[in-house]
Amino acid sequence: MSIKVDAEKCIGCGTCEDICPLDCIRMDEAGKPFIKYELCWYCGSCQIDCPCEAIKVTIPFLIR
Ligand code: SF4
Ligand code: SF4
């Protein structure tokens with residue numbers, strides 16, 4: 001996976017869901033982000049705006 005969410009760090013604030021410009025993050029039943037990878041453009045906004053440093057975005061090799 002090219003976007004990793006550290007469930008231990010995540011506080012379920014929903015900022016990543018709100019901030020994603022492509023609307024590809026949803027909160028799951030456990031209150032953690034679920035990412036629709038096929039829609040993601042790897043802009044990095046979710047990583048930058050997460051208050052807990054719980055998201056790590058790595059750009060896939062094929063689109064670097
Ligand atoms: S912004 Fe960070 S802390 Fe908030 S829901 Fe997303 S991953 Fe969790
Ligand atoms: S990297 Fe950008 S497009 Fe992908 S999930 Fe994060 S905010 Fe959305």
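The values are calculated or read from the model by the stated rules, or taken from the named source; none is laboratory data. Bear in mind the structure is a predicted one, so any value in this text is a computation, not a measurement. Cβ atoms come from the backbone with ideal geometry, glycine included; neighbour counts cover every protein chain shown. Side chains included, ligands, DNA and RNA excluded: accessible areas come from the protein's heavy atoms. Shrake-Rupley method; radii C 1.70, N 1.55, O 1.52, S 1.80 Å.
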Item to complete: Filter segment 1-20 down to residues that are open to solvent by 100 Å² or more (accessible area, probe 1.4 Å) and within 14 Å of Ile48 (Cα to Cα), then give me how many there are.
Response: 2
Response to the item:
Flagged in segment 28-55 as open to solvent by less than 30 Å² (accessible area, probe 1.4 Å), farther than 12 Å from Lys4 by Cα and touching a Lys or Arg at 6+ places or on another chain (Cβ under 8 Å), in numbering order, are none
Worksheet item: Among the numbered criteria (1) assigned to a loop (DSSP other than H, G, I, E, B); (2) open to solvent by less than 80 Å² (accessible area, probe 1.4 Å); (3) near ligand 1 (Cβ under 10 Å from one of its atoms), which single criterion is violated by Ile59?
Response: (3)
Item to complete: Considering only segment 3-35, state which residues are part of a loop (DSSP other than H, G, I, E, B) and near ligand 2 (Cβ under 9 Å from one of its atoms).
Response: Cys20, Pro21, Leu22, Asp23, Cys24
Discussion item. Please go through segment 20-43 and give me each residue that is within 13 Å of ligand 1 (Cβ to nearest atom) and either in contact with a strand residue (DSSP E or B) (Cβ under 7 Å, 6 or more places away or on another chain) or more than 23 Å from Glu8 (Cα to Cα) (or both), ordered by number.
Written reply: Cys24, Ile25, Arg26, Met27, Asp28, Lys32, Pro33, Phe34, Ile35
Practice prompt. Would you be able to say whether some residue in segment 43-55 is in contact with an Asp or Glu (Cβ under 8 Å, 6 or more places away or on another chain), free of Cβ contacts under 8 Å to residues at least 60 places away in the same chain, more than 9 Å from ligand 2 (Cβ to nearest atom) and among the small types (Gly, Ala, Ser)?
Written response: yes
